[in-house]
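Structure first, then comments.
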Amino acid sequence: MSAKSIDRPLSDLEAIRYRFSQGEPWRVLKLLSALDTVRFPDSSSLIRFHEALMFLRAFPHSPSVLRKTESLLNNFWKKVDALRKSGADMDAFEPIEVSGIAGTQMEDTVSFDLARWLVRRLPSKVEIAWDHYDPGRELGTTGPRFLPLLEDDAYVEADTPWRRWLETAAGQKGSDPTWLVQRFVDLPLPPNQKAELYESLRVPLRWHLGNSPVSRTRNWKPVRNVFYHDGPLINRSEVSLADELAKRPPKLTKLSRRQGEAVIDAIREVMLVRYRELYGTTLGDPSSVVRADVGRGVSVYLWNLPPERRLPLRAYVAGLTLKNGVPINYIEAIALCEWMEVGFNTFYTFRGGEAGWIYAQVLRCLCHLMGTTCISVYPYQLGHDNEEAIESGAFWFYRKLGFRPGRADLQRLVVREERRIAANRDYRTPPRTLKRLAAGHVFYELPGSEIGAWDKFSTRNIGLRVNRHMARNFSGDVSRMREYSKRALEKILGVRTRSWTPLEKVAFENFALVLTEVAKWRAWTKKEKEDLLEIIRVKAKPNEMLYLHLMQQHDRLREVLLRLGF
């Protein structure tokens, strides 16, 4: 079938996937059956079919539509294989918007922890992309740890055959990176140092998806109770964030470690095939995973970082949302006291599917889990250095939910734009103005939260303040500064940390860097100092949410952090 003749049924399917009135399930099935028999002539039309199928799997009209969609997705790799054999251009499958389709291959430079997981998850299907890799000094410096006598070649020769060295040491020819990754696993170093060394090599990996469940086509999970849509989807204009957040908090169910490991594996798969990697999606703590079933087939999963990989000051939560078992977005929330910054990214395929309502449910879960009452959104989410967000008008998604700019000049600009929109229904905010609006954070405060308290706060400001202090008073020597700060805070709080665990000591030193120069220590009560010690020690304990909740009860610490981060 020609590209022109296939366009009509594809366009009909793309339109009808959003309609759920009576009779639509039969029309969807008819279109699916017709397209199932088609030999697709090019990559773009096959990709369009794939994305429509993925949406239908998440938002099915009926059991028969669900069964037909699953059957087509489970065998989709055959259509991709047939297209490849026909000599079609396969480059269209590479962009981030559509990557990860069954039957394709992917290539990326990933972190050590993800590379370690990947070679276990897809054994014999991962290779070093030598055609895009020409190591030099970095492998010559790191390689002698596991390649004996490499120095005699790497340090003085200009044509070191890196691939030959690695293949010889591994005892096999080929590009399998498993031996190399395992050498870093075996190094007698802390996890973060292993990662630092491996990632310095910038090894590009290529993996073949085939018909693997890891592929975006098949990384949905069967669910016991499917929500079938028989009416209109919930539009963003129908969502009141204030009303949703005022509802009774959702029930958060703690998962077993085994269940948590399955969730962490799932998010790694989800992010891998979309060329995305977040700190908390790669390094999530399986023992901390909670689930909330919020209705309409939507389940929200949230988790923390393990104690040894946590941030110095802020508490971190990452998450994943499933719609009828289909991954539709990922979540990142980083918090201090009652304030949290939230990143929420709905995957391209599902941006027409109740994103506003689902976002509100995610915020309900986060605020309940973290105890936060001030929600902040990164400028990147709004469009700062993010052309895709500018094109989609992302700023107005948040504004119409009730978010306000934290900068007075941007608030004035918003008011002007809203007046123009009210006066002219055809008016659209130009990209140049959207970029200006995306230059600062936006905020949403729940009832009882201090309006504007966090508008000018940044943990980066705290870090830069500490580094200026290090440069000025310790000649840039971080070891000297850490030792001095630790001793000073021990004296102030009347404690010795010698018997503390290694992770507790790290947490104490991080707080010491921030707090030793704080004035007015004499005004702190004994109880406030004791509570601070408890907060510091809890930072290294299994439940990081307890750390955050204790912070929310310490007014004096909050006051200090706000001032330092201004």
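The values are calculated or read from the model by the stated rules, or taken from the named source; none is laboratory data. What you see is a predicted model, and the numbers here were worked out from it, not measured in a lab. Ideal geometry is used to build each Cβ from the backbone, glycine not excepted, and the neighbour counts take in all protein chains shown.
When the helices (runs of 4 or more DSSP H) confined to region 43-94 are screened for residues that are at pLDDT 95 or above and in contact with a Pro (Cβ under 8 Å, 6 or more places away or on another chain), those reaching at least 3 such residues are found at 63-74.
Restricting attention to region 239-251, the residues being surrounded by fewer than 17 Cβ atoms within 10 Å (Cβ to Cβ) and not charged (D, E, K, R) number 4. If you go through region 28-39 and keep only what is in contact (Cβ under 8 Å) with a residue 12 or more places away in the chain and either within 36 Å of the chain's Cα centre (by Cα) or in a helix (DSSP H, G or I) (or both), you end up with Val28, Leu29, Leu31, Leu32, Ser33, Ala34, Leu35, Asp36.
For residues in region 266-309 being among the acidic types (Asp, Glu), more than 28 Å from Val538 (Cβ to Cβ) and in contact (Cβ under 8 Å) with a residue 60 or more places away in the chain, which is surrounded by the most Cβ atoms within 10 Å (Cβ to Cβ)? Looking at residues that are among the acidic types (Asp, Glu), more than 28 Å from Val538 (Cβ to Cβ) and in contact (Cβ under 8 Å) with a residue 60 or more places away in the chain, I get Glu269.
If the condition is being under 26 Å from Phe566 (Cα atoms) and of a type outside the set (D, E, K, R), then region 480-506 contributes Met481, Tyr484, Ser485, Ala488, Leu489, Ile492, Leu493, Val506.
For region 414-430, a residue qualifies if it is in a helix (DSSP H, G or I) and crowded, with 17+ Cβ neighbours inside 10 Å, and the qualifying residues are Val414, Glu417. Exactly one residue out of Ser99, Ser111 is buried (at least 18 other Cβ atoms within 10 Å of the Cβ), polar (S, T, N, Q) and under 29 Å from the mean Cα position of the chain (by Cα): that is Ser99. Taking region 256-375 and the strands (runs of 3 or more DSSP E) fully enclosed by it, the elements with 2 or more residues that are of a type in the set (S, T, N, Q) are at 339-346.
All of (1) closer than 24 Å to Ile234 by Cβ; (2) modelled with pLDDT of 95 or more; (3) among the hydroxyl-bearing types (Ser, Thr, Tyr) hold for Ser392 with one exception: (2).
Pairs meeting the criteria (first residue in region 537-566 and free of Cβ contacts under 8 Å to residues at least 12 places away in the same chain, second residue surrounded by 17 or more Cβ atoms within 10 Å (Cβ to Cβ), beta carbons under 8 Å, at least 6 apart or on different chains) are Leu546/Val538. Taken together, the residues in region 385-405 that are outside any helix (DSSP H, G or I), of a type outside the set (A, V, I, L, M, F, W, C) and buried (at least 19 other Cβ atoms within 10 Å of the Cβ) amount to 1. With respect to Val294, determine if the residue is under 28 Å from Thr459 (Cβ atoms), out of contact with any Ser or Thr (no Cβ under 6 Å at 6 or more places or on another chain) and outside the structural domain of Ile535 (by TED's automatic domain parsing). So Val294 fails the test. Where helices (runs of 4 or more DSSP H) sit wholly within region 95-164, those with at least 3 residues that are touching a residue at least 12 places away in the same chain (Cβ under 8 Å) occupy 112-121, 137-142.
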